[in-house]
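The values are calculated or read from the model by the stated rules, or taken from the named source; none is laboratory data. Quantities reported herein were computed from a predicted structural model and do not represent experimental measurements. With ideal geometry, Cβ positions are generated from the backbone for all residues, glycine too; neighbour counts draw on all protein chains shown. Accessible surface areas use protein heavy atoms only, side chains included; no ligands, DNA or RNA. Shrake-Rupley method; radii C 1.70, N 1.55, O 1.52, S 1.80 Å.
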Amino acid sequence: AKASGRHRIVLFDESMDTRVRDAILIDEALRTAIGANEFRLVFQPIVDAHSGEWVKAEALIRWNSGRLGVVQPDRFIPVAEENGMIVEIGNWVLIEACRTVRSWIDASGRELKVAVNVSALQLLDRRFLDNVDSALKASSLPPRLLELEITERVLIDDENAVSTVIAALKARGISFALDDFGTGYSALSYLHRFPLDTLKIDRGFIFSLEQSPSRQALVRSIVAMAGALSMKTVAEGVETEAQAGLLREAGCSYMQGYLYAKPLERSAILAALSAERPA
Ligand code: C2E
Ligand code: CA
Ligand code: CA
Ligand code: CA
């Protein structure tokens, strides 16, 4: 038992080394990523649960690093949150997302709302309000076409500061979605204290929904609770018709997932808008 205990400690140390080395490489490469134009956005449609019509698109960042190759957001976003670069990266995303929607409107005459992920550190940065205002102004995008996705972590962070920022942005006509609902702290008490518009049910609940009556019950309660608070719901990671059917039955408002569309290049979204595929 002693020997295997020692063995485990050694393995743990080695895997930590790898993670630390990984994070250092990412940290260094991130510092030059914006300047070297290594980021781009893709957009995943979010559809009406009944008509299938595209109602919005979530902007998702992609990074092709000159030094590291393609790095997934799940690997570099935590590093950027740790070293503070998420503020600058998040601002780039905001500007680029607004500019892209403007280009779609100009080219197709069609309006699609864009949902942008915002990290806690970014929302609480003192320049955030100004940054949102400049992004909207630079693209002359109506604020009603911008939705900000925040996580439960943000809400428990600094309640007063967060309320003030959310209220100021809501007053401009910007809407808010609560991302990854059900994965974090899920202290339901905060839900009615923040005027959020949409609740995104985490993929963890949707995955194998067909096989799990208890998850089906949970999803039905989440949708009912959101409705009682006048919030819309989005189901994340919908991959099968069976899941979509159960979610529609539960009363879920919108769907997002590979069943409908993968994250698409901006040109592919424009092509679809121009072809009038979404009604
Ligand atoms: P998220 O905000 O929960 O985004 C949804 C993720 O689920 C995306 O992964 C998307 O590609 C993936 N997805 C969508 N539909 C399906 C499906 O049907 N099945 C499966 N298996 N996956 C699906 P992605 O693009 O790799 O992003 C991962 C996470 O990185 C995001 O999770 C978000 O937390 C973060 N992220 C991405 N872009 C940004 C950004 O611009 N700013 C910030 N702060 N975070 C971002
Ligand atoms: Ca999101
Ligand atoms: Ca999510
Ligand atoms: Ca998620």
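Would you mind telling me the share, in percent, of accessible area of the chain contributed by carbon and sulfur at probe 1.4 angstrom? Please list the in-between numbers first.
Working: 7290 of 13950 Å².
Here carbon and sulfur together make up 52 percent of the probe-accessible area.
Between the range 16-62 and the range 93-118, what's the alpha-carbon centroid distance in Å?
Between the Cα centres of the range 16-62 and the range 93-118 lies a distance of 16 Å.
What does the charge add up to near residue 100, with Lys and Arg as +1, Asp and Glu as -1, over the other residues with Cβ less than 15 Å from its Cβ?
Values: positive: 40, 56, 62, 99, 102, 110, 113, 266; negative: 58, 96, 106, 111, 147, 265.
Net of charged neighbours comes to +2.
How do 100, 151 stack up against each other in accessible area, from largest to smallest, with a 1.4 angstrom probe?
Working: 100 0, 151 50 Å².
Result of the area sort, largest leading: 151, 100.
Treating only the Cβ atoms of Lys and Arg (+1) and Asp and Glu (-1) as charged, compute the dipole magnitude of the range 109-264 about its Cα centre; round to the nearest 20 debye.
On the way: 17 positive and 19 negative charges, 78 e Å.
Using Cβ point charges on Lys, Arg, Asp and Glu, the range 109-264 gives about 380 debye.
Which net charge results for the neighbourhood of residue 114, defined as the other residues with beta-carbon distances under 9 angstrom from its beta-carbon, given Lys and Arg at +1 and Asp and Glu at -1? Each step should come with its number before you reach the end.
Details: positive: 56, 113; negative: 58, 147.
Here the count lands on 0.
Residue separation times 0.36 nm, minus the C-alpha to C-alpha distance between residue 27 and residue 67: what's the value? If you can, show how the numbers build up before the last one.
Numbers: separation 40, 0.36 × 40 = 14.40 nm, distance 1.18 nm.
Extra length from residue 27 to residue 67 when fully extended: 13.2 nm.
Between residue 111 and residue 159, how high is the FRET efficiency from 1/(1 + (r/R0)^6) when r is the Cβ-Cβ distance and R₀ = 30 Å? Nearest 0.05. Let's see the in-between values first.
Details: r = 34 Å, r/R0 = 1.13.
According to the calculation, E is roughly 0.35.
Please compute the per residue accessible area over the chain with all protein chains in place, 1.4 Å probe, rounded to a whole number of Å².
Values: 13950 Å² over 279 residues.
Result: 50 Å² per residue.
Calculated from DSSP H runs of 4 or more alone, at -39500 (n - 2.57) each and per residue, what is the 222 nm mean residue ellipticity of the chain, nearest 500?
Numbers: 11 runs with 137 residues, N = 279.
The per-residue figure over the chain is -15500 deg cm²/dmol.
Along the charge dipole of the chain, Cβ charges K/R +1 and D/E -1, which of 150, 103, 196 sits furthest on the positive end?
Highest projection toward the positive end goes to 103.
Using 7 Å Cα-to-Cβ label points, what is the residue 103/residue 275 separation (nm, one decimal)?
So the two model labels end up 2.0 nm from each other.
In the neighborhood of residue 208, defined by Cβ-to-Cβ distances under 15 Å, what is the net charge if each Lys or Arg adds +1 and each Asp or Glu adds -1? Can you show the working numbers first?
On the way: positive: 203, 215; negative: 202, 210, 236, 239, 241.
Once all neighbours under 15 Å are counted, the net charge is -3.
Starting from the Cα gyration tensor of the chain, take the square roots of the eigenvalues, sort them a ≥ b ≥ c, and report rounded, prolate or oblate (rounded when a/c is under 1.5, otherwise prolate if a/b is larger than b/c, else oblate). If you can, show how the numbers build up before the last one.
Values: a/c = 1.45, a/b = 1.15, b/c = 1.26.
Since a/c stays below 1.5, the shape of the chain is classed as rounded.
Given springs between every Cα pair under 10 Å in a Gaussian network model of the chain, which of 34, 95, 269 has the largest fluctuation?
It is 34.
Run the dipole for the chain about the Cα centre, Lys and Arg Cβ at +1, Asp and Glu Cβ at -1, nothing else charged, and hand back the magnitude in debye, nearest 20. All intermediate terms of the calculation are to be shown ahead of the outcome.
Details: 32 positive and 37 negative charges, 27 e Å.
The dipole of the chain has a size of about 140 debye.
List the relative contact order of the chain as a percent without decimals, with contacts defined as Cα pairs under 8 Å and 6+ residues apart. Write out the running numbers ahead of the final one.
Details: 416 pairs, mean separation 51.8, N = 279.
Worked out over the chain, it gives 19 percent.
Sort 265, 276, 152 by heavy-atom solvent-accessible area, probe 1.4 angstrom, most to least.
On the way: 265 75, 276 130, 152 5 Å².
Ranked list, largest accessible area first: 276, 265, 152.
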